[in-house]
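Just so it is clear, none of the values below were taken in a lab; they were calculated from the coordinates. Just so it is clear, the structure is predicted and the values come from calculations on it, not from any experiment. Neighbour counts are summed over all protein chains in view; Cβ atoms, including those assigned to glycine, are modelled from backbone coordinates with ideal geometry.
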Amino acid sequence: MGNSLVSWNYKKQACVALFTTAVKYIVVGSCCAKSLWMKQQLEDFGVTLDHIPLKCDNTSAINLSKNPVMHSRTKHIEIRHHFLRDHVSKGDCCIEFVDSEHQLADIFIKPLAGDRFFFIRNELGIIDGSSIERYCAIVYAS
């Protein structure tokens with residue numbers, strides 16, 4: 001979208017989670033795996049990336065990814081989900097906090113008021129329909 005390569009996935013949860021931090025941690029780990037795959041694909045085309053920024057709106061999940069010590073509250077998280085922690089410590093990716101005001105994924109999962117929708121659409125670099133019509137008219141004219 002815009003000037004960025006994007007992989008986006010949304011899955012409705014089958015059950016209610018009791019521990020929001022664990023859920024966010026697992027989801028960001030999944031995002032990390034997809035980002036590393038995209039990084040590898042880009043390297044095949046000669047594009048090299050150092051640190052992949054991942055955006056997360058849960059500070060506890062961010063802190064969990066940066067802390068190498070296992071705690072009693074995280075013992076229920078399976079080992080395979082600590083993939084994220086390993087790659088953050090290696091420097092392959094870095095997790096950045098994004099507040100609710102700048103959560104761009106809202107456009108895909110929530111009904112939004114018009115002004116909020118247009119703000120997020122502009123931040124994503126998506127052009128509006130009238131621009132597409134003008135662009136098509138220019139392409140067909142040439």
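Could you check the simple spin-label distance between Lys90 and Arg121, using points 7 Å along Cα→Cβ, in nm with one decimal?
Once both label points are built, they end up 4.0 nm from each other.
Too long at a 25 Å Cα-Cα cut-off: which of Lys66/Lys110; Lys55/Lys110; Lys39/Lys110?
Lys66/Lys110; Lys39/Lys110, as the Cα separations exceed 25 Å there.
If the chain between Asp57 and Glu101 were fully stretched, how many nm would it gain, using 0.36 nm times the residue separation less the Cα-Cα distance?
Gain on extension, Asp57 to Glu101, equals 14.8 nm.
Would you grab the residues whose amide H sits under 5 Å from the one on Cys94? Only those 5+ places off in sequence or on another chain, please, with H modelled 1.01 Å from N.
So Cys94 has HN proximity to Ile52, Leu54.
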